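Participant: I have a structure I would like to understand better, so I am pasting it below and will then ask my questions one at a time.
The values are calculated or read from the model by the stated rules, or taken from the named source; none is laboratory data. Just so you know, these numbers come straight off a predicted model, no measurement behind them. Reconstructed Cβ throughout: ideal geometry from the backbone, glycine too, with neighbour counts over all protein chains shown.
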Ligand SMILES: NC(=O)C1=CN([C@@H]2O[C@H](COP(=O)(O)OP(=O)(O)OC[C@H]3O[C@@H](n4cnc5c(N)ncnc54)[C@H](OP(=O)(O)O)[C@@H]3O)[C@@H](O)[C@H]2O)[C@@H](O)CC1
Ligand SMILES: Nc1ncnc2c1ncn2[C@@H]1O[C@H](COP(=O)(O)OP(=O)(O)O)[C@@H](O)[C@H]1O
Ligand SMILES: [Mg+2]
């Protein structure tokens, strides 16, 4: 297992070419946020916008429209139960993030199935939070896309069938191969299992142990994969940056809030572009 270092940032975060426009930097569609967990999709969306994704659209419960717009006028919104809009917006994205705050009701399940029916093999699909729980609960068939799963240890137990105490590298890698794609197994020392190797993230701090931290990472992975060509490096750089920013803030803070990490992203990415 290789240890992630700061080098991954300069290898991934590109100096922006002068001759470019918002379309150059990718379209992200984020799907989640029911009437209880609006904050989760809001943080994921904010993380994608602040990572620099060119166009961001959020498919969510309409009860989240006003809060999302008032915090983040840069994002577009649509109702996640409107099937035609979902199909159009998901099809138009480079990267789709599904799951933050989606919940596990019948509505959540039908939204997830609609996303799975719509994505295609030239798109990256980040599968987080409730989406992972729903796949496990309903034994859903996975779509053909560049899949990136972002489970915490309990979500990975649900998806892989491996109990937390038995989540060894060998066992995790074997399930990753069956699933296809990349697995970001989140914990106090996140491990990333990719088709080309496994990586350990030693950055990060217990100051990060607060709700919404993973929703934020999912949005960052969305923003990075939409902009940067090498999809594996984009995932690795997002994981590293998320923790490294938290480490910086934790030098003078007892707790680091997800939105504080988000707001550091433009400055941090500027300092680490290669
Ligand atoms: N502001 C918002 O809108 C927020 C909305 N959110 C949304 O809520 C949805 C549900 O997601 P969820 O993660 O909160 O719940 P669930 O899937 O039941 O997992 C928790 C169980 O797993 C266990 N556990 C074991 N190891 C673990 C580990 N390393 N890391 C974490 N947990 C670990 C843990 O053990 P315990 O804490 O009891 O020790 C507990 O039994 C999802 O859509 C998410 O996006 C949240 O992001 C919060 C902010
Ligand atoms: N003690 C810790 N040290 C380092 N990172 C942590 C620690 N606790 C949590 N994290 C990070 O916070 C995030 C938590 O993700 P998750 O459990 O999905 O949160 P949520 O669903 O509430 O947004 C992960 O990126 C994880 O690595
Ligand atoms: Mg989570």
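Participant: For segment 15-38, which residues satisfy the criterion of being surrounded by 14 or more Cβ atoms within 10 Å (Cβ to Cβ) and assigned to a loop (DSSP other than H, G, I, E, B)?
Facilitator: 26, 32, 33, 34, 35, 37
Participant: For segment 69-81, give me each residue that is part of a loop (DSSP other than H, G, I, E, B), free of Cβ contacts under 8 Å to residues at least 12 places away in the same chain and in contact with a strand residue (DSSP E or B) (Cβ under 9 Å, 6 or more places away or on another chain).
Facilitator: none
Participant: Any idea how many residues of segment 153-165 are assigned to a helix (DSSP H, G or I) and surrounded by fewer than 21 Cβ atoms within 10 Å (Cβ to Cβ)?
Facilitator: 7
Participant: Would you mind stating whether residue 175 is free of Cβ contacts under 8 Å to residues at least 40 places away in the same chain and touching a strand residue (DSSP E or B) at 6+ places or on another chain (Cβ under 6 Å)?
Facilitator: For residue 175, the condition - free of Cβ contacts under 8 Å to residues at least 40 places away in the same chain and touching a strand residue (DSSP E or B) at 6+ places or on another chain (Cβ under 6 Å) - is not met.
Yes/no matrix, rows are residues, columns are (1) touching a strand residue (DSSP E or B) at 6+ places or on another chain (Cβ under 9 Å); (2) closer than 21 Å to residue 237 by Cβ:
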{"site": "118", "(1), (2)": "yes, no"}
{"site": "151", "(1), (2)": "yes, yes"}
{"site": "165", "(1), (2)": "no, no"}
{"site": "168", "(1), (2)": "no, no"}
{"site": "180", "(1), (2)": "yes, no"}
{"site": "183", "(1), (2)": "yes, yes"}
{"site": "205", "(1), (2)": "no, yes"}
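Participant: Scanning segment 120-134 for residues that are more than 11 Å from ligand 1 (Cβ to nearest atom) and over 16 Å from the mean Cα position of the chain (by Cα), which turns out farthest from residue 194 (Cα to Cα)?
Facilitator: Here the residue is 120.
Participant: Can I ask one more? Within segment 216-230, does at least one residue satisfy the condition of being within 30 Å of residue 23 (Cα to Cα), away from ligand 1 (no atom under 16 Å from the Cβ) and surrounded by fewer than 19 Cβ atoms within 10 Å (Cβ to Cβ)?
Facilitator: Yes, there is a match, as at least one residue in segment 216-230 is within 30 Å of residue 23 (Cα to Cα), away from ligand 1 (no atom under 16 Å from the Cβ) and surrounded by fewer than 19 Cβ atoms within 10 Å (Cβ to Cβ).
Participant: While we're looking at this one, here's another question. Of the residues 151, 195, 206, which single one is at pLDDT 95 or above and within 14 Å of ligand 3 (Cβ to nearest atom)?
Facilitator: 151 is the lone residue from the list that is at pLDDT 95 or above and within 14 Å of ligand 3 (Cβ to nearest atom).
Participant: For segment 184-199, does any single residue satisfy the condition of being free of Cβ contacts under 8 Å to residues at least 40 places away in the same chain, surrounded by 13 or more Cβ atoms within 10 Å (Cβ to Cβ), more than 18 Å from residue 32 (Cα to Cα) and more than 16 Å from ligand 2 (Cβ to nearest atom)?
Facilitator: No, there is no match, as no residue in segment 184-199 is free of Cβ contacts under 8 Å to residues at least 40 places away in the same chain, surrounded by 13 or more Cβ atoms within 10 Å (Cβ to Cβ), more than 18 Å from residue 32 (Cα to Cα) and more than 16 Å from ligand 2 (Cβ to nearest atom).
Participant: Give me a count of the residues in segment 194-215 that are touching a helix residue (DSSP H, G or I) at 6+ places or on another chain (Cβ under 8 Å) and more than 16 Å from ligand 1 (Cβ to nearest atom).
Facilitator: Residues flagged as touching a helix residue (DSSP H, G or I) at 6+ places or on another chain (Cβ under 8 Å) and more than 16 Å from ligand 1 (Cβ to nearest atom) within segment 194-215 amount to 6.
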